[in-house]
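Single-structure report; data block below.
The values are calculated or read from the model by the stated rules, or taken from the named source; none is laboratory data. Here the structure is a predicted model, which means the values were calculated and not measured. All Cβ positions, glycine included, derive from the backbone under ideal geometry; neighbour counts span all protein chains shown. Just so you know, the surface numbers come from the protein's heavy atoms only, side chains and all, with ligands and any DNA or RNA stripped out. Shrake-Rupley method; radii C 1.70, N 1.55, O 1.52, S 1.80 Å.
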Amino acid sequence: MTAASPPEVLRAPLVVEFPFTRSLGPVQSAFLTGLREKTVLGVKTSDGRVVVPPVEYDPVTSEEVRALVEVAATGTVTTWAWNDHPRPHQPLDTPFAWALVRLDGADTALLHALDALGPEAVRTGMRVRVRWAAERTGAITDIACFEPFDGPAAEAGPAAHDGVFQDPVTGIVAEARLDYVYSPGRAQTAYINALSERRTVGERCPSCHKVYVPPRGACPTCGVATTDRVEVGPAGTVTTFCIVNIKAKGLDIDVPYVYAHIALDGAGLALHGRIGGIPYDQVRMGLRVEPVWTEGGRYPDHYRPTGEPDADYDAYKELI
């Protein structure tokens with residue numbers, strides 16, 4: 001007899017990205033505007049230390065700091081790590097070092113890329129200077145990178161600066177992006193495969209007997225593997241919910257709409273899903289719902305009322 005092959009565990013590349021928009025206070029505004037003008041600014045704290053990049057509050061005393069000082073565009077590497085395989089959108093598309101550089105006149109170090117021929121060309125204590133970007137907009141990327149420098153050392157003493165520039169930068173939009181390969185593991189692979197058959201499966205803990213949906217592979221309470229697969233639902237009960245009034249970018253759903261925690265029949269905890277087929281202001285705790293599957297049946301698009309009487313509070317209170 002030949003043993004059956006274990007089911008294939010799913011793997012898929014995933015990308016999480018979003019624009020992060022923030023306004024700048026006077027200190028960060030001066031710092032980024034200064035970079036646009038090829039000027040590096042820091043702040044002087046009450047004990048005389050010069051912090052670069054500048055902060056708005058002293059990290060030791062929590063006092064507000066506003067005393068801007070100009071430091072040199074040359075400095076010393078305090079520590080580094082070699083990046084042999086640059087990722088998209090990193091400062092350089094060839095291998096480089098990530099380095100902490102203490103600029104002349106500063107007491108703290110700035111993290112940025114260091115362009116070097118190889119790891120053998122980088123060392124702690126080496127002298128470097130800023131390589132400015134050809135086009136500068138008022139962002140940390142106005143420093144294209146650091147490069148080795150064997151010229152004379154800059155003056156150690158920082159010069160006071162009023163931080164006043166024409167057309168100051170008052171806000172930034174930073175594109176946050178995370179690329180990775182995700183594997184849901186044995187338990188959630190079975191869960192995802194079952195959804196393609198319009199079924200919902202969980203796994204029962206052999207100790208406390210709670211049924212986890214989606215399954216996690218182990219019970220977080222008892223610390224034991226959950227190998228007993230259980231089909232739950234398809235109907236369930238709304239345990240709690242919220243009304244969404246802000247339209248999400250790229251989501252073709254009219255607001256307001258309701259997102260709810262739904263305890264499927266037989267499950268030991270609630271999962272979340274959108275409620276449809278009923279006015280948003282009629283959704284309530286205890287409402288009995290059933291899934292409406294997407295075209296092709298890959299997963300529930302939303303849940304709608306079943307028409308059954310509402311569940312008694314005692315039947316789901318432990319699942320809220």
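Specify the residue that is surrounded by the fewest Cβ atoms within 10 Å (Cβ to Cβ); the eligible residues are those in the range 252-262 that are of a type outside the set (V, I, T) and closer than 16 Å to P300 by Cβ. Within the range 252-262, the match that is surrounded by the fewest Cβ atoms within 10 Å (Cβ to Cβ) is Y259. When you check L92 against the structure, is it under 26 Å from S29 (Cβ atoms) and either touching an Asp or Glu at 6+ places or on another chain (Cβ under 9 Å) or surrounded by 15 or more Cβ atoms within 10 Å (Cβ to Cβ) (or both), yes or no? Considered against the rule, which asks whether it is under 26 Å from S29 (Cβ atoms) and either touching an Asp or Glu at 6+ places or on another chain (Cβ under 9 Å) or surrounded by 15 or more Cβ atoms within 10 Å (Cβ to Cβ) (or both), L92 comes out as no.
Selection within the range 17-36: residues that are at pLDDT below 95 and either part of a loop (DSSP other than H, G, I, E, B) or touching a Phe, Trp or Tyr at 6+ places or on another chain (Cβ under 8 Å) (or both). The member of this set that is farthest from G250 (Cα to Cα) is G25.
Considering only residues that are open to solvent by less than 90 Å² (accessible area, probe 1.4 Å) and under 18 Å from R298 (Cα atoms), which ones fall in the range 184-198?
Within the range 184-198, the subset open to solvent by less than 90 Å² (accessible area, probe 1.4 Å) is 184-185, 187-196.
Listed by number, the residues that qualify are P184, A187, Q188, T189, A190, Y191, I192, N193, A194, L195, S196.
The lone criterion from (1) touching a residue at least 40 places away in the same chain (Cβ under 8 Å); (2) open to solvent by 70 Å² or more (accessible area, probe 1.4 Å); (3) closer than 29 Å to R177 by Cα left unmet by R66 is number (3). Taking the range 18-40 as the range and being of a type in the set (F, W, Y) and without any contact (Cβ under 8 Å) to a residue 40 or more places away in the chain as the test, only F31 passes. Residues considered: L103, L111, L117. Of these, the only one that is without any contact (Cβ under 8 Å) to a residue 24 or more places away in the chain and under 27 Å from G48 (Cα atoms) is L111. Within the range 162-172, restricting attention to residues that are within 10 Å of A30 (Cα to Cα) and in contact with a strand residue (DSSP E or B) (Cβ under 8 Å, 6 or more places away or on another chain), the residue that is most open to solvent (accessible area, probe 1.4 Å) is D162.
Within the range 143-167, being closer than 15 Å to R102 by Cβ, of a type in the set (A, V, I, L, M) and either in contact with a His (Cβ under 9 Å, 6 or more places away or on another chain) or at pLDDT 85 or above (or both) holds for one residue alone: I143.
Confirm whether T124 is under 30 Å from the mean Cα position of the chain (by Cα) and among the polar types (S, T, N, Q).
On the way: under 30 Å from the mean Cα position of the chain (by Cα): no; among the polar types (S, T, N, Q): yes.
So T124 fails the test.
Entry remark, the range 144-165: residues being under 27 Å from D47 (Cβ atoms) and not charged (D, E, K, R) number 10 in total. Residue count for the range 303-315 under the criterion of being under 14 Å from A260 (Cα atoms) and either open to solvent by 100 Å² or more (accessible area, probe 1.4 Å) or at pLDDT below 95 (or both): the result is 1. Note on the range 263-302: residues that are within 30 Å of the chain's Cα centre (by Cα), open to solvent by 70 Å² or more (accessible area, probe 1.4 Å) and without any contact (Cβ under 8 Å) to a residue 24 or more places away in the chain amount to 1.
Applying the condition of being farther than 24 Å from G307 by Cα, among the β-branched types (V, I, T) and open to solvent by 30 Å² or more (accessible area, probe 1.4 Å) to the range 210-243 and asking which residue is modelled with the highest pLDDT yields V224.
For the range 96-123, the candidate set comprises residues that are touching a strand residue (DSSP E or B) at 6+ places or on another chain (Cβ under 8 Å) and open to solvent by 90 Å² or more (accessible area, probe 1.4 Å); within that set, the residue that is farthest from A81 (Cα to Cα) is R102. Among residues of the range 188-200 that are at negative phi, those with a beta-carbon under 6 Å from a residue that is part of a loop (DSSP other than H, G, I, E, B) and of a type in the set (K, R) at least six positions away or on a different chain give the pairs S196/R298.
Looking at V43, V50, V71, V15 in this structure, which one is open to solvent by less than 90 Å² (accessible area, probe 1.4 Å), free of Cβ contacts under 8 Å to residues at least 60 places away in the same chain and in contact with a strand residue (DSSP E or B) (Cβ under 7 Å, 6 or more places away or on another chain)?
Values: V50 fails: free of Cβ contacts under 8 Å to residues at least 60 places away in the same chain; V71 fails: free of Cβ contacts under 8 Å to residues at least 60 places away in the same chain; V15 fails: free of Cβ contacts under 8 Å to residues at least 60 places away in the same chain.
Sole residue among the options that is open to solvent by less than 90 Å² (accessible area, probe 1.4 Å), free of Cβ contacts under 8 Å to residues at least 60 places away in the same chain and in contact with a strand residue (DSSP E or B) (Cβ under 7 Å, 6 or more places away or on another chain): V43.
The residue that is least open to solvent (accessible area, probe 1.4 Å), among those in the range 173-183 that are in contact with a Pro (Cβ under 9 Å, 6 or more places away or on another chain) and closer than 30 Å to E295 by Cα, is D179.
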